[in-house]
Amino acid sequence: MQKHGEDPFNPFPIVNNAVSNIICSLCFGQRFDYTNNEFKKMLHLMSRALEICLNSQLLLVNICSWLYYLPFGPFKELRQIEKDITTFLKKIIKDHKESLNVENPQDFIDMYLLHVEEERKNNSNSSFNEDYLFYIIGDLFIAGTDTTTNSLLWCLLYMSLNPDIQEKVQEEIERVIGADRVPSLTDKAQMPYTEATIMEVQRLTVVVPLAIPHMTSEKTVLQGYTIPKGTVILPNLWSVHRDPAIWEKPDDFYPNRFLDDQGQLIKKETFIPFGIGKRVCMGEQLAKMELFLMFVSLMQSFTFALPKDSKKPILTGRYGLTLAPHPFNIVISKR
C-alpha cells in the first residue's frame, strides 16, 4: 500500500492477495509473492468463477444440469476455469507427494494425503480420496478468502467515511500496542472499541446475507409451523442485523451500540454474522483472528481517506456469493 504514496488506489487486489496467502499457508504450506503471475491468475479465475456462477445464465444449471455442457457463453467459460484451476492444484499436489515426509507433515495437503493412505489400508470404500481433495481446497479458498476480504474492505471503506471513529480506533491502538510492535491476539481483550467497530461493520454489511443453505434432517415444528424433512432453509442474517425492533437506528454506523457505560464490550445474542447453532460457520474463529490482526495492523500503520472530490461510495453493496462493496479508491497517509 505504501508504494502508492498519496495516489488513489483500489485496495481490493492487495487485500485479496493478503487474505488468500493465509489460506495458501494453511493448505499449501507456502505463501506466494504478490507479483507471482501463476498466483494472480488463480485468484482471478476463482473470482471470475464466483461472479459468473451467481450473476449469469449459469444459475439455470441448478434447474437443468445438462446446461453445464453447452459449448458457448458462461457455460464454456466456467468449464475452462475449472480446468485451469485443476491444473494449478494438481501441480501443487504432485509436488506435495514427492516431498511428503510421513514423520513431519507440513500443511493440510500433507495431512490429507497421509489420511488417504490410512483409509486405503483400513477401508477400501472410504470417501477420502484425491478427487475430493480438489473440492475441499476449493471450498477453503471460496469460504476463506471472499468473505474475509470483503469484511476487511468494508472496514476500510467505513473508516474512510468516518474519520472520527477511525481516530478513536487509532487512539486505542496507540494506548494498548503503541507503534513499535505488531498487534497480537492477546491485545484483543484490551481493545473493546476496536472490536466494537469491527462488529458494527459486520452488522451493517453482513457479507453472507442469506448464510449458507441448510436442510432439515427430520420433520420439525417451529413456532407452530411444520417444516418437513429435507426442507432447504436459508437463514436471513441481513434481516436479523437490520431489524429495528432489535437495533436502535439500524442503518446508522454506531460502534458504541456494542459497548456498555464503562466502555466494555457487550455480547449480543442477536449479533450472528457467522450463523448460529451446531452448523455455525466452521471458519468463524480463523476469520475473527484474521480480521482483527489485519485491521489493527492497517490502522496502526496508515490513516485512510477517500480521494478529494470523489463521489460518495455506494453502500448497498454488490450481491454475489458474498456482499461485496462496489469498487472504490482510497488514499493513505503513513502514521
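The values are calculated or read from the model by the stated rules, or taken from the named source; none is laboratory data. None of the values given here were measured: they were computed from a predicted structure. Virtual Cβ from ideal backbone geometry, glycine too; neighbours counted across all protein chains shown.
Might you check whether a residue that is closer than 28 Å to Pro13 by Cβ, touching a helix residue (DSSP H, G or I) at 6+ places or on another chain (Cβ under 9 Å) and not acidic (Asp, Glu) occurs anywhere in the range 259-274? Scanning the range 259-274, I find at least one residue that is closer than 28 Å to Pro13 by Cβ, touching a helix residue (DSSP H, G or I) at 6+ places or on another chain (Cβ under 9 Å) and not acidic (Asp, Glu), so the answer is yes.
To keep it simple, each residue is scored yes or no on (1) at positive phi; (2) loosely packed, with under 13 Cβ neighbours inside 10 Å; (3) assigned to a helix (DSSP H, G or I).
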site: Cys281; (1), (2), (3): no, no, no
site: Ala287; (1), (2), (3): no, no, yes
site: Glu290; (1), (2), (3): no, no, yes
site: Leu293; (1), (2), (3): no, no, yes
site: Leu298; (1), (2), (3): no, no, yes
site: Thr316; (1), (2), (3): no, yes, no
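Do we have any residue at all in the range 15-35 that's at pLDDT below 85 and within 30 Å of Leu291 (Cβ to Cβ)? Yes: the range 15-35 contains one or more residues that are at pLDDT below 85 and within 30 Å of Leu291 (Cβ to Cβ).
Being touching a Pro at 6+ places or on another chain (Cβ under 6 Å) and either within 19 Å of Ile23 (Cα to Cα) or charged (D, E, K, R) (or both): is that true of Leu185 here?
Numbers: touching a Pro at 6+ places or on another chain (Cβ under 6 Å): no; either within 19 Å of Ile23 (Cα to Cα) or charged (D, E, K, R) (or both): yes.
No, not satisfied.
Going by what's in this entry, would Ile142 be described as among the aliphatic types (A, V, I, L, M) and either under 27 Å from Ser239 (Cα atoms) or buried (at least 17 other Cβ atoms within 10 Å of the Cβ) (or both)? Explain how you work it out, then say what you get.
Working: among the aliphatic types (A, V, I, L, M): yes; either under 27 Å from Ser239 (Cα atoms) or buried (at least 17 other Cβ atoms within 10 Å of the Cβ) (or both): yes.
Spelling it out, Ile142 is indeed among the aliphatic types (A, V, I, L, M) and either under 27 Å from Ser239 (Cα atoms) or buried (at least 17 other Cβ atoms within 10 Å of the Cβ) (or both).
Within the range 160-197, the set of residues being farther than 30 Å from Ile314 by Cβ, in a helix (DSSP H, G or I) and among the hydrophobic types (A, V, I, L, M, F, W, C) comprises Val176, Leu185, Ala189. Listed here are the helices (runs of 4 or more DSSP H) enclosed by the range 45-142 that have at least 2 residues being under 20 Å from Gly320 (Cα atoms) and touching a residue at least 12 places away in the same chain (Cβ under 8 Å): 73-99, 130-141. With respect to (1) within 23 Å of Asn150 (Cβ to Cβ); (2) surrounded by 14 or more Cβ atoms within 10 Å (Cβ to Cβ); (3) modelled with pLDDT of 90 or more, the lone exception for Leu50 is condition (3).
Within the range 1-35, track down each residue that is surrounded by fewer than 16 Cβ atoms within 10 Å (Cβ to Cβ) and touching a Cys at 6+ places or on another chain (Cβ under 7 Å). Those that are surrounded by fewer than 16 Cβ atoms within 10 Å (Cβ to Cβ) and touching a Cys at 6+ places or on another chain (Cβ under 7 Å): Gln30, Arg31.
Considering only the range 157-178, I want to know if a residue exists there that is surrounded by fewer than 16 Cβ atoms within 10 Å (Cβ to Cβ), among the aliphatic types (A, V, I, L, M) and either touching a strand residue (DSSP E or B) at 6+ places or on another chain (Cβ under 9 Å) or within 27 Å of Asn10 (Cα to Cα) (or both). For the range 157-178, residues surrounded by fewer than 16 Cβ atoms within 10 Å (Cβ to Cβ), among the aliphatic types (A, V, I, L, M) and either touching a strand residue (DSSP E or B) at 6+ places or on another chain (Cβ under 9 Å) or within 27 Å of Asn10 (Cα to Cα) (or both): absent. The combined condition, being β-branched (Val, Ile, Thr) and in contact with a His (Cβ under 9 Å, 6 or more places away or on another chain), is fulfilled by Val232.
Only residues that are without any contact (Cβ under 8 Å) to a residue 12 or more places away in the chain and basic (Lys, Arg) were counted across the range 243-283, and they come to 4. Using the structure shown, decide if Glu200 is assigned to a helix (DSSP H, G or I), among the charged types (D, E, K, R) and over 22 Å from the mean Cα position of the chain (by Cα). No.
For the structure I just gave you, tell me whether Val296 is free of Cβ contacts under 8 Å to residues at least 60 places away in the same chain and within 23 Å of Thr147 (Cα to Cα). No, not satisfied. Residues considered: Asp243, Asp261. Of these, the only one that is part of a loop (DSSP other than H, G, I, E, B) and loosely packed, with under 11 Cβ neighbours inside 10 Å is Asp261.
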